[in-house]
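Report on the structure given below.
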Amino acid sequence: MSETTTKESSYVTDELIASDIDAYLIKHQHKSLLRFITCGSVDDGKSTLIGRLLYDSKMIFEDQLAAVEADSKKFGTQGQNIDFALLVDGLAAEREQGITIDVAYRFFATEKRKFIVADTPGHEQYTRNMVTGASTADLAVILIDARKGVLTQTRRHSYLAHLIGIRNLVVAVNKMDLIGYDHDRYDAIVAEYRQFATSIGIKNFTPMPISGFKGDNITSKSENTPWYTGPSLMQHLESVELDVTADQAKKFRLPVQWVNRPNLDFRGFSGLVSSGVVKPGDAVRVLPSGKTSTVTRIVTYDGDLPQAVAGQSVTLTFADEVDCSRGDVITLADEPVQVADQFEVNLVWMSDEALIPGRSYWIKIGTQLVSASIHAPKYTVNVNTLEHVAAKTLELNAIGVTNIVTDKPIPFEAYADNRALGGFIVIDKMTNATVGAGMINFSLRRSQNVHWQALDVSRESRAKLKNQQAGVLWFTGLSGAGKSTIANLVEKKLLRMNRHTFLLDGDNVRHGLNKDLGFTDADRIENIRRVGEVAKLMTDAGLIVVTAFISPFRSERELVRSMVAPGEFIEIFIDTSLEDAEKRDVKGLYKKARAGELKNFTGIDSPYEAPQQPEIHIDTSKLTAEEAADLIIAKLIP
Amino acid sequence: MDAVTDTVTLTHLQRLEAESIHIMREVVAETEKPVMLYSVGKDSAVMLHLARKAFYPSPPPFPLLHVDTTWKFKAMYELRDKMAQESGMELLVYQNPEAKAKGINPFDHGPLHTDMWKTEGLKQALDKYGFDAAFGGARRDEEKSRAKERIFSFRSTNHRWDPKSQRPELWNIYNARKAKGESIRVFPISNWTELDIWQYIHLENIPIVPLYFAAKRPTVQRDGLTIMVDDDRFPFAPGEVPEMKSIRFRTLGCYPLSGAVESEAKTLPEVIQEMLLTTTSERQGRVIDKDAGGASMEKKKQEGYF
Ligand SMILES: Nc1nc2c(ncn2[C@@H]2O[C@H](COP(=O)(O)OP(=O)(O)OP(=O)(O)O)[C@@H](O)[C@H]2O)c(=O)[nH]1
Ligand SMILES: [Mg+2]
């Protein structure tokens, strides 16, 4: 075995374990916890460093070490020596390729502290996994290969770590053994990094020269770097100051997870206190409703508590029967959070499929899940030059600033003030994948007190005057399914019944309002969004709006549904098989599409997502247009 | 009332407890039909205890599922029934009928035993009841591919895990949305270590199977492991007699597959002391990890093992 792997670590097992286990356990129980990540460019030695830390802190058992020794011979990158990276790169694909793909969480403890370290991948392709690791870290060790200096990924990871709010940074210039522990080269790299760091607002960081492979400056100061006067990495990790009670000093916030109702006599609100302190007797407020009450008990399995602080999972009961449910936020009565529906956010995109501006996504923030549409970015950031680059969308790994609009006002705080109420994930409605991570900067307008201009003439009174209930009859189906024909008949019949209607269809809209739009996915979405907005105004005017658009995407139809008042969106699925529609081909469009003359044609080279639960389902193989129209009227006006 | 609030420093275990409770409540709020896999081991004991805390004063709003192999230690069956009763939760016991019919056992069928009773049994049970989320007591410190797994881990309709396309998991926000037929395995004690588990059991006085403590028990040697003879189904070699030894277990599974350690540790602090001074990992006593080489656990999980 080589000299490096047999070298005794300076971290010996705590003597108390053998002599007085009870004393040891009490001591261990009160150790503080540091969560950190290693990050930086590909092959800079992140996994190797963590393997080394685990090994030196005696966290590797004999059987694990034997397995790694055997693996090192098979996959190792260090000849006959132990490849420490194999202690962390646990997936078969990682071992075969010698790279890290996903975050590994490892645990170790020294006499002073306990650690959870997340080893993150350097490859740009897997940046989302680095962000995953960074989101829960108190400190980041940014590695730099001494031979290569500061690289794009070094900058990207530094930028992301800073953006996500990690304020303790260690810059470990690694592989010092390969440059003969050259002091000048080290200084040059640190100077280059400092320049970049300052420009992104990083105020300070702790640089150190190390070799994860040889063990220099890892657990003790190395003789190879006599010019280095700072601490070893482990000394630094053990002593870096953590403000673990900082969240308690902030205002009280508890996002409600679950309403606890074991029987009629008990109604409690369960959640994790995200900041502050609450006590029985405190006057509290529930957001967004703004209702107030008083805390009567803080209930836990171990008995009622005299107070609950940030970081505790508890159940509160109130003196009054106020409405409070999952997604609401409980605060002290005189320290409420803001409520808004439009925000400027930082957004990190994590999906191979680029952001589609205007499309509706799910957003999960705290315990709330809401529909939101994301605007085209104001700009994206070039991590090398830090330039703000104009962009129409966000591609995989892009970092940008944009506005989002939620479909209802939500309680929130700026990410900088409260991560739990300012950080969110973006979920694709079709695939359910987590496609982005966002951080709220501020709300664009406070809807807390400012409501929509309350009009003296209400939408209800306008509809009433017309002796009808306003609504949107939304026809959807393939081209040639019969949407326009049936919609026209329905409108005629309604007119005969003295109803006030308006028909919006592809032709009258495409030639005016939307003449700037084509047929790409993004344009189709914008087309429907605008139609939705117009339809909404018309329902406010008390009209029955009839629309006939292919509207192929489920999420856009749902977007319109969410825009109009509940119950006013009637989705009517004109169901015709592609075969039948193509057979009819009244306008000859299918033929053109098949010949490749028409691009993005629904059903041919662009998908049609059929409604799953339309209010009305018309099977055109069984009904004539006239029959279909009668059926629709019968359903609308019973 | 006192205007000045004393700041409280939560211990590491208090934070872990709060995190696990938060995870369990998210699952109950966001999935349709959750279940807790209950294997009666120490991790299950902690998980069940946390569930009781999470929903108190309600009983945990999901059943316990024991995927049984018929080869667990007798003491495990006893504790299982007792804990189900005490917690007021429904206990579902599932035994793969095919494995039962074929008489699959650890002596004659090697890896097939785990495969049919546990992996297949679990898939069948989840499908039978239509559970869309299952809590499991796996920890990241147990094994290298577990160290890579998310807290919310998705399984396709045929229960496969795809380690290369895990969803990003940021802060403590969990995306529980899934398509019909897909399900989630949720690991609320992902961030606990073996030491945390023992220490918590100690502090909270959680009932565990007595086999975790040393006592004189009948043993035989098999493939380098010390196996305890728990019933008369054990096939002896001609002339073989079990030897009485003071042993205990670090992990419990099927009795013919669980390797014991010789020990005198009769109390929890003694068990913890031995654990901290030992030089081998807890999974070393498991036959199951050894049958398929380096990436065995990862492969098993891809096939639907927990
Ligand atoms: N000589 C020397 N080699 C090192 C040192 N640190 C890492 N290496 C080698 O550098 C190579 C890459 O190391 P890894 O630890 O896999 O790098 P990584 O940063 O985790 O890579 P990714 O996770 O794939 O981004 C391996 O061959 C290591 O043995 C060091 O300090 N000195
Ligand atoms: Mg790595």
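The values are calculated or read from the model by the stated rules, or taken from the named source; none is laboratory data. What you see is a predicted model; the values in this text were computed from it and never measured. Cβ placement follows ideal geometry from the backbone for every residue including glycine, while neighbour counts extend to all protein chains displayed. Note: accessible area is taken over every heavy atom of the protein model, side chains too, but ligands, DNA and RNA are not part of it. Shrake-Rupley method; radii C 1.70, N 1.55, O 1.52, S 1.80 Å.
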Quiz item: Counting just the residues of the range B:26-53 that are closer than 18 Å to A:Gly271 by Cα and among the β-branched types (Val, Ile, Thr), which one comes out farthest from the other protein chains (Cβ to nearest Cβ)?
Solution: B:Thr31
Practice problem: Looking at (1) in a loop (DSSP other than H, G, I, E, B); (2) more than 11 Å from ligand 1 (Cβ to nearest atom); (3) in contact with a strand residue (DSSP E or B) (Cβ under 9 Å, 6 or more places away or on another chain), find the lone condition where A:Lys203 falls short. | Solution: (3)
Quiz item: A:Lys251: more than 30 Å from A:His28 (Cα to Cα) and touching a residue at least 24 places away in the same chain (Cβ under 8 Å), yes or no?
Solution: yes
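If we scan the range A:272-294, do we find a residue that is open to solvent by less than 40 Å² (accessible area, probe 1.4 Å), away from chain B (no Cβ under 14 Å), among the hydroxyl-bearing types (Ser, Thr, Tyr) and in a strand (DSSP E or B)?
Restricting attention to the range A:272-294, the residues satisfying the condition of being open to solvent by less than 40 Å² (accessible area, probe 1.4 Å) are A:272-280, A:282, A:284, A:286-287, A:290, A:293.
From the residues that got through so far, the ones that are away from chain B (no Cβ under 14 Å) too are A:284, A:286-287, A:290, A:293.
Now restrict to residues that are among the hydroxyl-bearing types (Ser, Thr, Tyr): A:293.
Of the ones still in play, those that are also in a strand (DSSP E or B) are A:293.
Yes, that holds for at least one residue.
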Quiz item: Looking at (1) within 8 Å of chain A (Cβ to nearest Cβ); (2) in a loop (DSSP other than H, G, I, E, B); (3) open to solvent by 20 Å² or more (accessible area, probe 1.4 Å); (4) touching a residue at least 60 places away in the same chain (Cβ under 8 Å), can you tell me which one B:His202 breaks?
Solution: (2)
Exercise. Please enumerate the residues belonging to the range B:154-173 that are more than 8 Å from chain A (Cβ to nearest Cβ) and either of a type in the set (Val, Ile, Thr) or within 18 Å of A:Ile116 (Cβ to Cβ) (or both).
Key: B:Thr157
Quiz item: open to solvent by less than 10 Å² (accessible area, probe 1.4 Å) and closer than 25 Å to A:Ile166 by Cα, is that true of B:Ser153?
Solution: no
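Given the residues A:Lys492, A:Lys515, A:Lys536, which is the only one that is more than 34 Å from the chain's Cα centre (by Cα), assigned to a helix (DSSP H, G or I) and among the basic types (Lys, Arg)?
Values: A:Lys515 fails: assigned to a helix (DSSP H, G or I); A:Lys536 fails: more than 34 Å from the chain's Cα centre (by Cα).
Unique residue meeting the criteria: A:Lys492.
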Exercise. Considering only residues that are under 24 Å from A:Tyr159 (Cβ atoms) and more than 14 Å from chain B (Cβ to nearest Cβ), look in the range A:348-372 and name the one that is surrounded by the fewest Cβ atoms within 10 Å (Cβ to Cβ).
Key: A:Ala354
Quiz item: Under the condition of being in a helix (DSSP H, G or I) and either open to solvent by less than 10 Å² (accessible area, probe 1.4 Å) or in contact with a Gly (Cβ under 7 Å, 6 or more places away or on another chain) (or both), which residue from the range A:26-46 is nearest to the other protein chains (Cβ to nearest Cβ)?
Solution: A:His28
Exercise. Specify which of the listed residues (A:Leu151, A:Leu139) is open to solvent by 10 Å² or more (accessible area, probe 1.4 Å) and more than 10 Å from ligand 1 (Cβ to nearest atom).
Key: A:Leu151
Practice problem: Taking A:Gly165 as the residue in question, decide whether it is touching a helix residue (DSSP H, G or I) at 6+ places or on another chain (Cβ under 9 Å), open to solvent by 10 Å² or more (accessible area, probe 1.4 Å) and within 11 Å of ligand 1 (Cβ to nearest atom). | Solution: no
Quiz item: So which residues in the range A:50-66 are closer than 17 Å to B:Ala147 by Cα and at pLDDT 80 or above?
Solution: A:Ile50, A:Gly51, A:Arg52, A:Leu53, A:Leu54, A:Tyr55
Quiz item: Restricted to the range A:33-47, and to residues that are more than 24 Å from the chain's Cα centre (by Cα) and among the small types (Gly, Ala, Ser), which residue is nearest to ligand 2 (Cβ to nearest atom)?
Solution: A:Ser47
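For the range A:387-405, enumerate the residues that are open to solvent by less than 40 Å² (accessible area, probe 1.4 Å) and part of a loop (DSSP other than H, G, I, E, B).
Applying the first criterion (open to solvent by less than 40 Å² (accessible area, probe 1.4 Å)) to the range A:387-405 yields A:391, A:393-394, A:397-404.
Across the range A:387-405, the qualifying residues are A:Ala391, A:Thr393, A:Leu394, A:Asn397, A:Ala398.
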Quiz item: Are any residues in the range A:71-104 more than 14 Å from ligand 2 (Cβ to nearest atom) and at the interface with chain B (Cβ under 9 Å from one of its Cβ atoms), and if so, which ones?
Solution: A:Asp71, A:Lys74, A:Ala92
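Take A:Thr539 and decide whether it is at pLDDT 90 or above and closer than 19 Å to A:Ile618 by Cα.
Details: at pLDDT 90 or above: yes; closer than 19 Å to A:Ile618 by Cα: no.
No, not satisfied.
Matching residues to (1) without any contact (Cβ under 8 Å) to a residue 40 or more places away in the chain; (2) surrounded by 19 or more Cβ atoms within 10 Å (Cβ to Cβ):
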{"residue": "A:Glu558", "(1), (2)": "no, no"}
{"residue": "A:Ile570", "(1), (2)": "no, yes"}
{"residue": "A:Ile574", "(1), (2)": "no, yes"}
{"residue": "A:Glu579", "(1), (2)": "yes, no"}
{"residue": "A:Glu582", "(1), (2)": "no, yes"}
{"residue": "A:Asp585", "(1), (2)": "no, no"}
{"residue": "A:Glu597", "(1), (2)": "yes, no"}
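To keep it simple, each residue is scored yes or no on (1) closer than 30 Å to A:Met439 by Cα; (2) of a type in the set (Lys, Arg); (3) in contact (Cβ under 8 Å) with a residue 12 or more places away in the chain.
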site: B:Tyr129; (1), (2), (3): no, no, yes
site: B:Ala138; (1), (2), (3): no, no, yes
site: B:Asp141; (1), (2), (3): no, no, yes
site: B:Ser153; (1), (2), (3): yes, no, yes
site: B:Leu170; (1), (2), (3): yes, no, no
site: B:Glu182; (1), (2), (3): yes, no, yes
site: B:Pro210; (1), (2), (3): no, no, yes
site: B:Phe213; (1), (2), (3): no, no, yes
Exercise. Could you tell me which residue of the range A:105-120 is nearest to B:Thr193 (Cα to Cα), considering only residues that are within 14 Å of ligand 2 (Cβ to nearest atom), touching a residue at least 40 places away in the same chain (Cβ under 8 Å) and not basic (Lys, Arg)?
Key: A:Val117
Practice problem: Identify, from the list A:Asn418, A:Asn384, the residue that is under 30 Å from A:Val273 (Cα atoms) and at pLDDT below 95. | Solution: A:Asn418
Exercise. Enumerate the pairs (first residue in the range A:79-95 and closer than 20 Å to A:Met59 by Cβ; second residue anywhere and near ligand 1 (Cβ under 10 Å from one of its atoms) and of a type in the set (Lys, Arg)) with beta-carbon separation below 7 Å, excluding pairs fewer than 6 apart on the same chain, so at least 6 apart or on different chains.
Key: A:Phe84/A:Arg52
Quiz item: Which of the residues spanning the range A:472-496 are on the phi > 0 side of the Ramachandran plot and in contact with a strand residue (DSSP E or B) (Cβ under 9 Å, 6 or more places away or on another chain)?
Solution: A:Gly477, A:Gly482
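Quick check on my filter: what residues within the range A:51-70 are at negative phi and either within 14 Å of ligand 2 (Cβ to nearest atom) or part of a loop (DSSP other than H, G, I, E, B) (or both)?
Within the range A:51-70, A:Gly51, A:Arg52, A:Leu53, A:Leu54, A:Ser57, A:Met59, A:Ile60, A:Phe61 qualify.
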Quiz item: Which condition breaks for B:Thr219 when tested against (1) surrounded by fewer than 21 Cβ atoms within 10 Å (Cβ to Cβ); (2) at the interface with chain A (Cβ under 10 Å from one of its Cβ atoms); (3) in a strand (DSSP E or B)?
Solution: (2)
